[in-house]
1. Placing a label point 7 Å from Cα toward Cβ, how far apart in nm is residue A:82 from its equivalents in the other copies, listed shortest first to one decimal?
2. Determine, for A:107, A:119, B:85, the number of other Cβ atoms within 10 Å of each Cβ, and report the residues in order from fewest to most.
3. For chain B, what ratio Rg/Rh do Cα atoms give with a Kirkwood hydrodynamic radius?
4. Using the Kirkwood radius over Cα pairs, work out the Stokes-Einstein diffusion coefficient for region A:125-171 at 10 °C and 1.306 mPa s, in µm²/s as a whole number.
5. Among B:166, B:198, what is the fewest-to-most ranking by other Cβ atoms within 10 Å?
6. What is the average number of partner chain Cβ atoms found within 10 Å of a Cβ in B:172-178?
7. What's log10 of I(q)/I(0) for region A:7-97 at q = 0.13, 0.24 Å⁻¹, Debye sum over Cα points only, no solvent?
8. Taking only Cα atoms, what is the 0 to 90° angle, nearest 10, from helix A:54-80's long axis to the longest principal axis of chain A?
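No value in this document is a laboratory result; all are computed from the given coordinates. A quick note: this is a predicted structure, and the numbers were derived from the prediction, not measured. As a convention, Cβ positions derive from the backbone with ideal geometry for all residues, glycine included, and neighbour counts pool all protein chains shown.
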DNA sequence: ACCTGAACACCGTTCAAGT
DNA sequence: ACCTGAACACCGTTCAAGT
């Protein structure tokens with residue numbers, strides 16, 4: 001048998017993986033270092049051989065989640081890059097779907113768990129990559145007259161804010177249930193994009 | 001002397017107030033029931049006479065914070081209601097300023113601390129009031145041709161998402177520092193509003 | 001009705017000790 | 001280098017007991 005593939009250098013990644021599982025099964029509020037350790041089959045102090053503290057593990061889980069998000073959006077990007085209208089809708093929708101499908105991973109990613117002082121280079125790198133991806137989408141849409149021309153970085157932030165804000169508000173149950181039930185999420189989402197876009201998206 | 005004004009029925013509000021102070025001074029991560037109790041001068045179990053559990057206290061602090069936000073925006077609303085262009089900019093800006101001035105209160109308000117099942121009627125009421133306020137702003141702006149006409153509730157959600165998302169991303173340090181330093185927050189904010197508005201806002 | 005103090009199960013972190 | 005077990009300070013929650 002080849003189980004027990006921890007304990008030879010892979011415990012670090014195993015802990016990250018277990019963390020993701022706990023987020024999916026029990027939620028952000030129930031993620032503890034000790035539980036991660038137990039679920040990975042090691043003592044509660046073992047994670048300290050691989051992570052400086054709980055923050056560092058959370059940064060690693062967050063980084064892993066940003067990579068998943070990036071891959072998901074990249075797939076959509078490749079499918080639609082010849083069609084700017086669909087590209088804008090589908091990549092944004094993929095972001096929203098990630099948030100709704102993996103709510104606690106998504107919350108963790110944006111849960112101010114990373115204190116500014118400390119640096120997590122992997123995290124910074126993947127964040128940068130995600131923003132570059134968004135910039136490219138914006139530039140394609142500007143060229144195709146789907147979005148107003150101008151500073152792409154500013155429009156990228158606006159677009160990100162709009163989609164991210166909607167994801168957060170939905171996740172937190174803040175959207176009035178009468179609005180949500182009357183129109184449905186997809187219509188609300190498209191309405192947001194259509195506030196920004198120069199042509200009718202659907 | 002008239003200190004010690006707790007212990008005659010006001011402990012409940014004292015606990016909420018202490019909670020707000022801890023958020024300002026130490027942050028969301030350091031808010032504990034036991035610390036609130038100690039800082040209010042009572043035993044660690046005393047809060048349970050007024051709140052079912054930690055969640056209930058957090059719901060109360062959150063409700064209190066939403067009231068503060070509402071008052072702040074209402075003040076701006078009254079100042080600018082004759083001028084739709086400024087009204088949209090200034091009420092949205094007030095929301096963003098609240099988030100930046102009281103970051104940990106703001107995070108708490110949107111920290112998925114409230115589980116759907118449980119009901120906190122005060123919380124639901126103030127949430128509803130805030131959304132109504134936003135709806136009125138949107139309707140005024142639609143009448144003045146500042147915003148596209150159509151379902152006000154949909155546009156309200158779009159606007160809220162845009163401003164809320166920007167606030168969150170800034171608070172979490174997710175906005176690329178080169179973009180933030182090059183343009184400044186106000187320009188980024190105005191760019192977001194101008195993506196949505198029918199006329200140039202400044 | 002409101003509050004206290006002890007108790008319990010859980011948590012993050014440190015550290016000496018083992019391999 | 002990597003992991004364990006004991007230890008410490010902290011946490012949320014419950015409960016019998018006090019006023």
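1. Output for residue A:82: 5.9 nm, nearest copy listed first.
2. On the way: A:107 23, A:119 10, B:85 16.
Lowest to highest Cβ neighbour count: A:119, B:85, A:107.
3. Numbers: Rg = 19.3 Å, Rh = 18.6 Å.
Reported Rg/Rh, Kirkwood definition of Rh: 1.03.
4. On the way: Rh = 11.2 Å.
My calculation gives 142 µm²/s for D.
5. Values: B:166 28, B:198 14.
The most exposed by this proxy come first: B:198, B:166.
6. Working: counts 7, 5, 11, 5, 8, 0, 1.
If you average over the peptide's residues, the count of other-chain Cβ atoms is 5.
7. -0.54, -1.11
8. On a 0 to 90 degree scale, this one is about 40.
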